[in-house]
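Visitor: Quick one: the structure is below, questions incoming.
Computed from the coordinates by the stated procedures, all read-outs in this text should not be read as laboratory data. Please read these numbers as outputs of a predicted model, since none were measured by experiment. Note: ideal-geometry Cβ built from the backbone for every residue, glycine included; neighbour counts use all protein chains shown.
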Amino acid sequence: MARYAVSDVRTALLNLCLTQLREQIGKLTLEQTFSSRDVINKILLKEMHGVCHSWGVEITRVEIQNLLPSPDILQAMELQLAADRQKRAAILKSEGERTALENSADGKAYGLVADSKARRQSIEELAKAEARRSILEAEGTQSAIRSMAKSIADMSGERSGTKSTDAALQLMLMNRYMQAQEKLANSDNTKVLMFPTKDSIPITYGNIEHILTK
């Protein structure tokens, strides 16, 4: 006849199993309770075998076949699932808004950089064009002075030199002065016309005649 350290082995095993089960479930969340049956089975087997061995009983297998939570627990589970769904929805919405803001900021930054580059290139092109215009204008002025100096030298029967170049410069200054006076006279603004004298410009009409007939 088998003899055990407890009088009612079946009841003792049931009470031990329920006690250990409650302890393990208390350590888990509701979701983990229903998804970790294998883990719970192994823990129960280890704990019950250690206790029952002193009773003269050997436990070789423990299996939880079904868990039937109370209505309160079911309601709590439903609330928790709803809260989790709302939380995940809020997180997804927040991440979507953040991504949209980041994309918008990146787009604006890219637009500003592109606009800045375009403005800089435009300024550089304008500066290059102005530099080329200045060079061409200077070359044209130089060529005109040389041509005028040669013409003056030919008219006076002298070789081109400093005198003819000075005379050409005086003629060009006179021409520029007259052009400025013409623009001023044709403008819509109130104006005061300044006619040339010996004191206002370096050359007068008499000087021009003297240069050309000398």
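Visitor: Report ³J(HN,Hα) in whole Hz for each residue of the range 142-149, in order, from the Karplus equation J = 6.51 cos²θ - 1.76 cosθ + 1.60 where θ = phi - 60°; Gly and Pro get x.
Guide: Rounded to whole hertz, the list is 4, 5, 5, 4, 4, 5, 5, 5.
Visitor: Could you give the distance between the Cα centres of the range 114-132 and the range 9-69, to the whole Å?
Guide: Distance between centres, Cα-based: 81 Å.
Visitor: Then there's this: Would you mind computing, in nm to one decimal, how far apart the modelled labels at Ile73 and Ser151 are, each placed 7 Å from Cα along Cα→Cβ?
Guide: The two pseudo-label positions are separated by 11.5 nm.
Visitor: Highest mean first, how do 57-65, 142-150 rank when packing is the count of other Cβ atoms within 10 Å averaged over residues?
Guide: Ranking, from highest mean packing down: 142-150, 57-65.
Visitor: Continuing with the same structure: Roughly what would the spin-label model give for Leu169 and Leu18, points 7 Å off Cα along C-beta, in nm?
Guide: According to this spin-label approximation, the distance is 12.1 nm.
Visitor: Show me the ranking of peptides 167-177, 76-86 by mean Cβ neighbours inside 10 Å, starting with the highest.
Guide: Result, highest mean Cβ count within 10 Å first: 167-177, 76-86.
Visitor: Another question, then. Per residue of the range 73-87, in order, report the coupling 6.51 cos²θ - 1.76 cosθ + 1.60 (Karplus, θ = phi - 60°) as ³J(HN,Hα) in whole Hz, putting x for Gly and Pro.
Guide: Listing the rounded values in order: 5, 4, 5, 5, 5, 5, 5, 5, 4, 5, 5, 5, 5, 5, 5 Hz.
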